[in-house]
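Structure record follows, encoded as structure tokens.
Please treat every number below as a calculation from the coordinates, not as lab data. Keep in mind it's a predicted model, so treat the numbers as computed, not measured. Don't worry about glycine lacking a Cβ; one is built from the backbone with ideal geometry, like all the others, and counts go over all protein chains shown.
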Amino acid sequence: MRPLAPGQKNGKNMAVIEHHETVPGGGEVYLSEASPRDFFELLKPRVMSLVVFTALAGLVVAPGTINPLIGAIAILCIAVGAGASGALNMWYDADIDAVMSRTAKRPIPSGRVRPEEALAFGLTLSAFSVAILGLAVNWVAAALLAFTIFFYAVVYTMWLKRSTPQNIVIGGAAGAFPPMIGWACVTGGVSVESVVLFLITFLWTPAHFWALALFKMRDYDAVGVPMLPNVAGEATTKVQILVYAVLTAVIAVVPAVLGFASVGYGLFAAALGAGFVWYSVGVLRMPDGDRAMVPAKKLFAFSILYLFAVFSGLMLDHLIASLGWGL
């Protein structure tokens, strides 16, 4: 078992750990005092909402049809799988979460959930989400979901995050798979179109998270996580943010170029991309050492709006086309 994070050793947080009973044979059974809300927080609901939304977009935009009930089961399985990987991430990162101001109040470092509870919770949800998706929908989608959970929990969390400043670039693949999984739920396979949906989120991720890393540099430095601003400096990070913003703006227009979205969507995505690049230029112009980092915070906020708007545009465009109103 991983050592308990600071804050779990004294005070009121001991309630979760100390409440136990002796059973016949000399063993002990711990009685968890964690609430359902504590376990729900382990699922990283904010991240899960993005995963659900992009997976839904992949499912809606994909050619073909799916029974509404099966579609609902598919989205639920993807959501639970994403939450499971979040719980495993929180289990492994409990030590650094306790130090960072952004994460110190999470269930494990705050003492509300024991590490082994989070581990068991994450593993159980992982197994059930993959199995049910395979049995109810198809095994291609289930395999993609299983790989996504593995990639986020093991490749990113246990390896990349603490070893390379390119952790977000490579690890971002985990957050980019959901629209591809949604697509596979309908089609039973992977295609060029679903790869494009994957690339939209994949290329968006570095600019989004490096904007956050700029104004949370001290937190990451305190726990030794090699985020790009801490390793390469602010100037390099700001240039990289702009590069990825431009790449994201370009790839988001590709659905219109390939013909699985309309010209109207293409113009909409281009306008959003221009805004994404504009905010990134604002970050590039931000003086090094700026403590307020207002441009970085504005980019971070806009990037969330941008991704939701792009995938909303794709779904709305598909709906309009299905009604015969497409451009």
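Taking θ as phi - 60° and the Karplus parameters 6.51, -1.76 and 1.60, the scalar couplings of the stretch 158-175 work out to 7, 10, 5, 4, 9, 10, 8, x, 8, 4, 6, 4, 6, x, x, 4, 4, x Hz in sequence order, x denoting glycine and proline.
To the nearest 10 degrees, how steeply does helix 115-136 sit against the main Cα axis of the chain, on a 0 to 90 scale? Tilt relative to the chain: about 40 degrees.
Could you give the size of the charge dipole of the chain about its Cα centre, using +1 on the Cβ of each K and R and -1 on the Cβ of each D and E, expressed in debye and rounded to the nearest 20?
Here the chain has a charge dipole of around 620 debye.
Within the stretch 191-327, the proportion of C-alpha pairs whose separation exceeds 25 Å stands at 32%. What's the angle, to the nearest 10 degrees (0 to 90), between helix 68-92's Cα axis and the longest principal axis of the chain? Helix 68-92 and the main axis of the chain meet at about 50 degrees. In the chain, helical runs assigned H by DSSP with n ≥ 4 each contribute -39500 (n - 2.57); averaged across all residues and rounded to the nearest 500, the mean residue ellipticity at 222 nm is -21500 deg cm²/dmol.
Each 5 Å bin from 0 upward holds the following percent of the Cα-Cα pairs of the stretch 99-179: 3, 13, 16, 19, 21, 16, 8, 3, 0. From least to most packed, judged by other beta carbons within 10 angstrom and beginning with the fewest, Leu228, Leu284, Leu203 follow the order Leu284, Leu203, Leu228.
Between helix 294-322 and the chain there is an angle of about 60 degrees, using the helix long axis and the longest principal axis of the Cα atoms. Computed packing ranks the peptides 58-66, 111-119 as 111-119, 58-66, most packed first, by mean other Cβ atoms within 10 Å. Projected label points at Val190 and Arg102, each 7 Å from Cα along the beta carbon direction, are separated by 2.9 nanometres. Under a Gaussian network description of the chain, with springs only between Cα atoms under 10 Å, the residue in Trp204, Trp183, Trp159 that fluctuates furthest is Trp159. Go through [x] 1.02; [y] 1.07; [z] 2.31 and flag the label whose value is the computed Cα Rg over 2.2 N^0.38 Å for this structure. Here Cα Rg over 2.2 N^0.38 Å agrees with entry [y]. The distance between label points at Leu284 and Val239 comes to 1.1 nm (points 7 Å beyond Cα on the Cα→Cβ vector).
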